[in-house]
Amino acid sequence: MPPRYDWDGFGFDTRQVHAGERDEPGHGARITPVYLTAGYRFDSFAQAEARFTGADEGHLYSRNLNPTHQVAEGRIASLEGGSGAIVVGSGQAAITAVLLGLAGAGERIVSTASIYSGTRILFDRTFARLGVASDYVRDSRDEAEWERTIGPDTRAIFVETIPNPKNDLVDVAAVARIARRHGIPLVVDNTVATPYLIRPLELGADIVIHSSTKFLSGHGAALSGAIVDGGRFDWAGSPRPFPGLTAPIAPGKPSFVEAYGDRALEAYLRFGIVNDLGAALSPVNSFLLQQGIETLSLRMERHLANAAAVASWLDTHPAVESVDFAGLPGNPFHDISRDRFGGHAGSVFAFTVRGGREGAEAFFDALQLFSRMTNIGDVRSMALHPATTTHVSFSAAERERLGIGDGLIRLSIGIETVGDLIADLAQGLDAATRRTQR
């Protein structure tokens, strides 16, 4: 495992370029090499044994540790303010590794109901088959609902800082207080906000997850996921059991908590859950992730500015029924945007076209600059109709509870010229108006 990251004294923009770097001794390469190797040679019989027992933290197999990955891991940990990080094959793999590392068969997790549809499907389908049940809080601001939902078998709380697609922001600090009161780790998906906009660990979260395919990379070229260990949760002192972290690693060996201290979760996931599940990231994708992170702050400035301009324009358009963007003054989550996000609300949000499905279909098919696709967080702007795509497997009643109506369109606003984006939306809305007024 890499040494503790040492970029705390530098600014965000500097760390996104340099944190996690190591000198390349062979040729002095300035850019991190791509280490395309599955395994690593051992110097001796004793070293091989030491690496398998954890006494030597050197490289063993690229399923759990790779030199290219270590740079990305150091950089992400530095930007989020964690004690360590792990990169994996996708954001879904990151969520799976963390939550299955904390909860087993017969145990439960509690999540806000308004989260990315793929995560809800993961919880309700695959986790349920493994015996890990999920309970949902509909109103993240309702402390009484949290208290009713958390039970003796709850092992983790999961939220998104900026839920996709409804932009119904979560006050991480408020949820963290509830989690601490119950001795439960708070896991926060910070994909849409990124550490440029908000750092959940500073607000009391314990673990941060990213689908780094999205904004951290920004180019849409490669899948990846990241897990950041906050390093502050008291695994041994919690009233709830976490045997994976507190039981001996092997007969006669210490626990991960005893051996690794504030990096216990990172070590447990790296050498245990992630290693066992095999959710390895390709070193090429790790390299592409690093390339994206280098420009994160520059891209986010444009993402945020473009999103605010587009949302404001949509809010006044006669063909638009409503806009789900917390940056707008009348939005019910505007106070969280103001108090926690510096007045921003990310660049992934939804709006509802008048005319229901028919209006949405005409709008969608008329788009020219916006890409019709399922990704988010790319430098390119994208649009999707959730009711017939990401949420098509949800019951009509659940879609209604989540606010996924037939006219709802999700947007991921890119970094193009904002006037061009608005012009494309305008001609799409004109097409929707013509269709529904025939």
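The values are calculated or read from the model by the stated rules, or taken from the named source; none is laboratory data. These numbers come from a predicted model, not from an experiment. Heads up, the Cβs are rebuilt from the backbone with ideal geometry, glycines too, and the neighbour counts pull from every protein chain shown. These accessible areas exclude ligands, DNA and RNA; they are computed on the full protein's heavy atoms, side chains included. Shrake-Rupley method; radii C 1.70, N 1.55, O 1.52, S 1.80 Å.
Quick notes
- Those residues of region 17-50 which are open to solvent by 100 Å² or more (accessible area, probe 1.4 Å), at pLDDT below 95 and outside any loop (DSSP other than H, G, I, E, B), in sequence order: GLU49
- Of the residues examined, ALA105 is one that is in contact (Cβ under 8 Å) with a residue 24 or more places away in the chain and surrounded by fewer than 24 Cβ atoms within 10 Å (Cβ to Cβ).
- Remark: pairs (first residue in region 392-403, without any contact (Cβ under 8 Å) to a residue 24 or more places away in the chain; second residue surrounded by 11 or more Cβ atoms within 10 Å (Cβ to Cβ) and assigned to a helix (DSSP H, G or I); Cβ separation under 8 Å; 6+ apart in sequence or on different chains) = ARG399/ALA387.
- Options ALA113, ALA133, ALA174: the member that is surrounded by fewer than 24 Cβ atoms within 10 Å (Cβ to Cβ) and under 24 Å from ALA279 (Cα atoms): ALA133
- When we screen ARG232, ARG181, ARG199 for residues that are open to solvent by 10 Å² or more (accessible area, probe 1.4 Å) and either of a type in the set (Phe, Trp, Tyr) or touching a Gly at 6+ places or on another chain (Cβ under 8 Å) (or both), the only hit is ARG199.
- Number of the exception - TRP313 against (1) assigned by the TED database to the domain that holds HIS69; (2) closer than 30 Å to ALA426 by Cβ: (1)
- Scanning region 136-160 for residues that are in contact with a Ser or Thr (Cβ under 8 Å, 6 or more places away or on another chain), among the β-branched types (Val, Ile, Thr) and either open to solvent by 50 Å² or more (accessible area, probe 1.4 Å) or without any contact (Cβ under 8 Å) to a residue 40 or more places away in the chain (or both) yields a single hit, VAL137.
- Matching residues in region 385-410 - criterion: being out of contact with any Leu (no Cβ under 8 Å at 6 or more places or on another chain) and buried (at least 22 other Cβ atoms within 10 Å of the Cβ): LEU402, ILE404, GLY407, LEU408
- For region 247-259, the condition of being open to solvent by less than 30 Å² (accessible area, probe 1.4 Å), assigned by the TED database to the domain that holds GLN92, outside any loop (DSSP other than H, G, I, E, B) and in contact (Cβ under 8 Å) with a residue 40 or more places away in the chain holds for none of the residues.
- Matching entry among THR14, THR68, THR53 (being crowded, with 18+ Cβ neighbours inside 10 Å and either of a type outside the set (Gly, Ala, Ser) or in contact with a Leu (Cβ under 8 Å, 6 or more places away or on another chain) (or both)): THR68
- Number of positions in region 3-59 that are without any contact (Cβ under 8 Å) to a residue 12 or more places away in the chain and of a type in the set (A, V, I, L, M, F, W, C): 10
- In region 77-97, the residues that are touching a helix residue (DSSP H, G or I) at 6+ places or on another chain (Cβ under 7 Å), among the hydrophobic types (A, V, I, L, M, F, W, C) and in a helix (DSSP H, G or I): LEU79, ILE95, ALA97
- Top-ranked residue in region 295-328 [being in contact with a helix residue (DSSP H, G or I) (Cβ under 9 Å, 6 or more places away or on another chain) and assigned to a loop (DSSP other than H, G, I, E, B); ranked as surrounded by the fewest Cβ atoms within 10 Å (Cβ to Cβ)]: PRO318
- Test: residue in region 53-66 that is under 24 Å from PRO248 (Cβ atoms), among the charged types (D, E, K, R) and modelled with pLDDT under 90: yes
- Screening region 329-361 for residues that are assigned to a helix (DSSP H, G or I) and more than 21 Å from ALA431 (Cα to Cα) and picking the one that is most open to solvent (accessible area, probe 1.4 Å) gives ARG338.
- Looking across region 412-431, just one residue is touching a His at 6+ places or on another chain (Cβ under 9 Å) and open to solvent by 50 Å² or more (accessible area, probe 1.4 Å), and that is ILE415.
- Residue in region 277-288 that is open to solvent by less than 20 Å² (accessible area, probe 1.4 Å) and touching a His at 6+ places or on another chain (Cβ under 6 Å) present: yes
- Here GLY292 clears all of (1) open to solvent by less than 20 Å² (accessible area, probe 1.4 Å); (2) in the same structural domain as SER78 (by the TED database) except the condition numbered (2).
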